[in-house]
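The values are calculated or read from the model by the stated rules, or taken from the named source; none is laboratory data. All of these numbers come straight from a predicted model, not from anything done at the bench. In this analysis, Cβ positions are derived from the backbone assuming ideal geometry, glycine residues included, and neighbour counts consider all displayed protein chains.
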Ligand SMILES: [Zn+2]
């Protein structure tokens, strides 16, 4: 809502578990001992200059030579463009070890590469952050009746689709219900808040679908969360990546689980180039631009061209409305 409140909800860990932080801290301490102040300043300047800000228009329309930008552009294709319509830009930089690996809300995603080990983890953190944007930006309610869940100090409307997920394991934004157990969550980090739970479910559904499905068999509450991802978020679409390891009994943070990145990339590459864009046929029905005259008619020139276009437009509008209905 305002810049002060921008990231206050997302105490999004996005840093490593504590043991890793200790190691990082030790490494940093060693470096600091050896680096003189002028060098440190130069380093800081270098880090700032490496920051890139990708506005969404560029992401959807430009070809990038920067590898991180290419990865972002490709990874966003896991969801339709409208899911990220509130997102203004994505910033990628190096902010140091004390800053989370990723932060996000409805309009912004910030990636901090300092503690991100490799491309697989970069993609995983990005998927997690995308989930926050979709949760807060795309899934919205309009009811004046508030749910017990709060965002930015205001109750989330009771008809926000995400509330269906939140209420399975939480009684308010940060308090889990008394009748839930560790096995009812996809990861330990998912217990932090309803927002982290949404994001951890989302990433597990995309990158660890088989693991999620198997875990869900042991917990009706986790099964309900899996089903929410399947039906409400992904409209029946499953992501089936082959497992890369024996599944652990418990997971702290899904973004550091190994997954089959090769298959994930192949899956993204198989998506239409403009997966992030509405299909061209749907664009024609949105009324945001003129219908191309004679579209689909091959220039037949008969006088029913206009009425055909009107009929097509009406059909497309109905389809769009039906889709909007489904997503609520
Ligand atoms: Zn998060």
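Below are the figures for this structure:
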item: In segment 112-123, the residues that are under 13 Å from residue 255 (Cα atoms) and touching a strand residue (DSSP E or B) at 6+ places or on another chain (Cβ under 9 Å); result: 116, 122
item: Residue check, residue 239 touching a helix residue (DSSP H, G or I) at 6+ places or on another chain (Cβ under 7 Å), more than 16 Å from the ligand (Cβ to nearest atom) and either outside any helix (DSSP H, G or I) or at pLDDT 95 or above (or both); result: yes
item: Filter result for residue 255 (outside any helix (DSSP H, G or I), touching a helix residue (DSSP H, G or I) at 6+ places or on another chain (Cβ under 9 Å) and within 26 Å of residue 121 (Cα to Cα)); result: no
item: Failed criterion for residue 77 (all others in (1) within 16 Å of the ligand (Cβ to nearest atom); (2) within 11 Å of the chain's Cα centre (by Cα) hold); result: (1)
item: In segment 118-163, the residues that are within 16 Å of the ligand (Cβ to nearest atom) and more than 18 Å from residue 203 (Cα to Cα); result: 149, 151, 152
item: Any hit, segment 164-182, residues being more than 24 Å from residue 209 (Cβ to Cβ), within 16 Å of the ligand (Cβ to nearest atom), surrounded by 16 or more Cβ atoms within 10 Å (Cβ to Cβ) and not assigned by TED's automatic domain parsing to the domain that holds residue 83; result: yes
